[in-house]
Amino acid sequence: MTATSQHAPEGTPRRLTDRSGAFLTHASLLGLTAFYFVLLVRLPFWAAFIPCVVLVHRIGIMIHEYFHGITLKTYRDNLAVVTLWDGIMMTYGMLEVVRGAHLAHHKWTNQAQPGEDHHHDSAHEPGGFRLSMALDSLRHLNWLADGLRGKRPYVRPGRIVAGFLLSLFVIAGWILVGHGEIVWQSLVTVAFTVTGPMSLRGAIEHSSQPGNPDFANEYTTFLPIFNINRHIHHHEDTTVPWYALEWRTQRPLPASSYFTRWIRLYITKELVPMQPPPKRRARARRGDGGPGGA
């Protein structure tokens, strides 16, 4: 299954053309982004930092809707929004890298991807703690290098370049209006958000005790995160918009697990990455494609 067929399928479900749902997503993305920059402009950075980290995390979740081709009718239009926000957030093409890495995560959930040497229990391989496994920001930098060399089919080098150039344009705009400090402040905020909160989220979504046959967790949160914590449903059907995601477990993990799961996975090593989804494991056993044929 290709990225296009998985995330922008023909026979678009009715919800993809739901104008009210699309408006809700567009409005949320625009509102969060506007509030983010208002805080950076109006407040000293020390006061704006934590609220802006919260906002960047949720902006990323909204952009995630466009990764999956959910919000607009054609995947090309969704890609255009991702590239535009790559520039607006001054992420220098990295949103395209994150998009590609995320699509690959769905295709090879909890499995080694082609060309990689780690597998679902790699957190406990000899060699101890691995920053490259534990921190999303480092993984994305590796994907950036691979994407520019054409080694990652889900990452489109032209869109990395477009996002980089748009970022430079936005940077010039901030400097021209006398707010050049926004450039470094936003870079620090985004880098911290990807390294911290998003890495924590990756750990809680796909780690558990050894022997757990499940492939993903659901969890409650102290602050809303647009239902992405209803994570099993999202993996079951990536075309379901954030406002339609439903619980799949009766007892989600408590909100405190969001902060402790990463430590238990990478530091104390009580936990391991979870198993691949059942259908993919069965397919691999039959020998008719395995992970690459998902």
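No value in this document is a laboratory result; all are computed from the given coordinates. Everything numeric here is computed off the predicted structure, so don't read it as measured data. Positions of Cβ are generated from backbone atoms using ideal geometry, with glycine treated the same way; all protein chains shown enter the neighbour counts.
So the values come out like this:
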{"item": "Residues Ser20, Ser167 arranged by fewest to most Cβ contacts within 10 Å", "result": "Ser20, Ser167"}
{"item": "Burial ordering of Arg76, Arg251, fewest other beta-carbon atoms within 10 Å first", "result": "Arg251, Arg76"}
{"item": "Calculated FRET efficiency for the pair Glu246/Asn212, C-beta based, R₀ 25 Å, to 0.05", "result": "0.70"}
{"item": "Ascending count of other beta-carbon atoms within 10 Å, so fewest first, for Asp214, Asp86, Asp237", "result": "Asp237, Asp214, Asp86"}
